[in-house]
Amino acid sequence: MRGVKARKSLGFIQTAVRLGACRRLALCALLANCVVATGQDTVGTGSIRGSVVVNSGAPPDPFEVCVVGTERCSPGGPSGSFAALHARPGTVRLEVRFGATALLSGTVEVRAGQTSEVRLELPDIAAVESSVTVAASELLAPDQVVSSAVRIQNREIAKSAGTRQDISRYVSTLPGVATGSADFRNDIIVRGGSPLENLFIVDNIEIPNINSFANLASAGGTVSLLDVQLIEDVTFLTGGYPAPFVNRLSSVMQVTQREGSRDRFRGRATLAYAGAGGVLEGPWAAGKGSWLLSARRSFLDFFTQDLGTGGVPVFYSFTGKAVRDFGARDRIWVTSITGIDDIRLGLTEDTEPDDSLGAFDIRYGGHRSATGVNWQRIFGTRGVGLLGLTHSTAAVDSTVKDLIRGGPYVPGTAVDQVVAEGAVTFRQDSTEAETTLKYDLTADAGRFGEYRIGGAQKLFVNDYLTLSPLGYDGPFTIVPDVNPIDLRERFTATQGSVYVQGTGQLARRARVTLGGRLDRYGHFGVSRSRLSPRAGISIPVSENLSWNSSWGIYHQMPVYLFLAAYPENRSLLPARSDHWVTGLAWTPGPHLRVTLEAYSKRYRDYPVATQFPQLSFANVGDTFDVRDILYPMTGGGRGEARGLELFAEKKSGGKWFGQFNLAYSRARHAGRDGAMRAGAFDRPLAFNAVGGRRISRRWELGFRTAYLTGRPYTPFNLDLSEEQRRGVFDLERVNALRYADFFTLDLRLDRTIRVRGQVVVTYLGVENVTGRRNPTTLLWNRMANRPRFANGLSRFLLGGMEWNF
């Protein structure tokens, strides 16, 4: 037998297998160098389709191809092709049956949402032993046509320098993506959009925010709630994503967490930047299921009560996952993620007289959680259904005091007295809850294509106590103390959606995806519906080169806190973004991919400030100070983002792994005055390189370097700012200046050893090796009554360890 080749459209990893041709019920096989999956996706199924040929020419007739260990078989057609076989993610083997003969292939890896294209070359029946080649790529193609998609492996997140094992920080190294305003936050900006335009999905659970130290009107934070030890892989879509995803204007991050061990109890202890933690896992139901628990806690408060900011952040996170198979067709899994955090910032006895923190006392406590139950059922060889029920909550209890509202306090006054006499400028004790019921059905119609249909119903329960009794005195208003807030309201809102999508071949070469979704939003007695069509096409130019293009319309409502804050905000419309993406994808090897993409993104109906004509909400960054982004709004804002991105990635199929990208882009937005200005996150030139090299079995070196054009900023009106002892922008020069360009070089060294048979990994890293001062934010120091630039991290040393048992 010359071979059985399983070919992925994006490359090959070859595995040699020795296979004997055996009769039915007496099959035998000898495998060598098998590809073994370290875990499984559980958010969906993958599929395998292809063709069968015989050395002598025509395919056998009749024949069928089956997934070993299941009842799923697909009959062959006259041309030798067979329709898609749905399979649970992991590794499977195929069996070709014809007459009284059954031949067994080597392993084929199946990934959720991916299709393996296989070509099975059968030997003459007289063959007794032959070589089998099984190809399986780490660069997988999705079932539907998708542009601007990157699959990230756990190793890339866990081992890369400068990303602190944080998925949000890692994706900021990808083309078209950048962090927000500071090194201390991990909010992500995708192709010029706001941080609030991104969708997060973990194990088929939609989570409003996957980060700690986050307010209700934010999507970033300081530390990820997701434990990197649990992440299997991540699919990140930066534009043109298909209809099954809930509407967001900029991106989709789909995280798959691994399941626990099904063979024995295992454990892992970790010590890292985010804190200390542990993972426990094991089998249950006689190996038909598994469970997994993770817990982490920050530890800096054990050593000090003040990091120079007036306090120490305290952070807890907990993750649990249980999976149970009920026969070959049904699987149920439950995932729960919880984060608890607390911090105090502001004046202490050690605060310098001209330190800007001396003007405030900030107390913050947060809690967020998300729990989801999913039931997956495979319908024969032609379909799979996924039913999900999710409940998430987010609660914030915070108080902000202005300690110098009546003028600077007398030096030497006790801190407790100064804080007690401070004026409360913002108070929040609010909760947001979201419950979602959704169903997704995928059906394979053979040569007529693949179809997906689904729907969801969401119920939001918002309970707000949000007070700003003294009004807004942010930098956009030349008159202080405008727009006080007294929001004490509990209300419900709904969002219902349905979608349909089809993917098939066009003229035997082009692969086309067409679909759309209808969303209906209901709140404050008003209902609005929006239709969002999507389309994509992929045409192979050669065996390793394809042209891909996608288009779509996307809608998103403003967050409910913005709608509720002022009466006029309740009539805001869903913002709209139109995506156009086109480009080439080249896969010269099994682990190497290069893409060149151009994109255009146009905004309309974006919220803009009614009192500050220059201000579009698209230019407001994710911030810990939510009061600075609450103001009366109206719709009608517009904007655009365009760019060209070159991206190359090499997966870990050797000593080197990593990716680099070079991007040119422009982002512009208009406020109520209609004038297009540089967006707050406009970075025309961006270069990133991140990766590593395995030096030996014990040593590994990781690196990251980045260069980005400085962000635009608005200078202060010095006369008004000094007179009012607060920052007041020069509104004639909104985003007219730029910070200095950003550059960083980060390094990390890993060492793997064995202690009494247990694997222990230690690592040491240095961020910003050159010590470059990268300005991130222009602030007004109210204590010194002058402007200052806040800088990102200087040279920063960090380390950690992992112990597996």
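Seen from a random direction on average, the alpha-carbon convex hull of region 223-286 projects onto 6.6 square nanometres. Start at zero, step by 20 Å, and the Cα-Cα distances of the chain spread as 15, 48, 29, 7, 1 percent across the bins. The residues 273, 566, sorted by heavy-atom accessible surface at 1.4 Å with ligands and nucleic acids left out, run 273, 566 from largest to smallest. Convex hull volume per residue, computed on the Cα atoms of region 277-412, equals 137 Å³.
Projected area of region 230-326, taken from the Cα convex hull and averaged over every viewing direction, in nm²? Mean orientational projected area (region 230-326, Cα hull): 9.8 nm².
Proximity of backbone amide H atoms, modeled 1.01 Å from N, is registered between residue 636 and 605, 606 at under 5 Å, excluding neighbours fewer than 5 places apart on the same chain. Cα-Cα pairs above 11 Å in region 288-335: how many percent? That fraction is 73 percent. Across q = 0.24 Å⁻¹, region 412-513 modelled as identical point scatterers on its alpha-carbon atoms has Debye log10 I(q)/I(0) values of -1.16, in the order of the q list. Per residue, the convex hull spanned by the Cα atoms of region 512-593 amounts to 115 cubic angstrom. When all alpha carbon pairs of region 412-471 are counted in 5 Å bins from zero, the resulting P(r) reads 4, 12, 10, 9, 10, 9, 7, 7, 6, 6, 6, 5, 4, 3, 2, 1, 0 %. Across region 320-336, computed HN-Hα scalar couplings (Karplus, 6.51 cos²θ - 1.76 cosθ + 1.60, θ = phi - 60°) run x, 8, 10, 10, 9, 8, 10, x, 7, 9, 10, 9, 10, 9, 10, 10, 9 Hz from first to last residue, x flagging Gly and Pro. Sort all Cα-Cα distances of region 335-436 into consecutive 5 angstrom bins from zero, then give the percent of pairs in each bin up to the one containing the longest distance. Pairs per bin, as whole percents: 2, 11, 16, 13, 10, 9, 8, 7, 6, 5, 4, 3, 3, 2, 1, 0.
Net charge in the neighbourhood of residue 767 (other residues with Cβ under 13 Å of its Cβ; Lys, Arg +1, Asp, Glu -1) is +3. Using the Cβ of residue 516 as centre and a radius below 13 Å, the other residues enclosed give a net charge of +3, where K and R count +1 and D and E count -1.
When both region 163-198 and region 295-345 are represented by their alpha-carbon centers, they are found 21 Å apart. Computed over region 674-764, the quotient of the alpha carbon radius of gyration and 2.2 N^0.38 Å is 1.88.
Counting every pair of alpha carbons in region 168-304, the share spaced more than 17 Å apart comes to 65 percent. For the pair region 587-614 and region 394-420, the centres of their Cα atoms are 42 angstrom apart. Per-residue packing, averaged as other Cβ atoms within 10 Å, sorts the ranges 658-664, 278-284, 692-698 into the order 658-664, 278-284, 692-698, beginning with the highest. For region 457-556, the spread of Cα positions along the three principal axes, ordered from largest to smallest, is 66, 34, 18 Å. Compactness ratio for region 725-789: Cα radius of gyration over 2.2 N^0.38 Å (N = residue count) comes to 2.01. Evaluate the Debye formula for region 542-649 with equal point scatterers sitting on the alpha carbons, no solvent, and hand back log10 of I(q)/I(0) at q = 0.16, 0.21 Å⁻¹, in q order, two decimals. Each listed q corresponds, in turn, to -0.78, -1.05.
Among 642-653, 438-449, the peptide with the highest mean count of other Cβ atoms within 10 Å heads the list, and the full ranking is 642-653, 438-449.
The values are calculated or read from the model by the stated rules, or taken from the named source; none is laboratory data. Values in this document were obtained by computation on a predicted structure and should not be read as measured data. In this analysis, Cβ positions are derived from the backbone assuming ideal geometry, glycine residues included, and neighbour counts consider all displayed protein chains. Heads up: the accessible areas ignore ligands, DNA and RNA and are worked out on the full protein's heavy atoms, side chains in. Shrake-Rupley method; radii C 1.70, N 1.55, O 1.52, S 1.80 Å.
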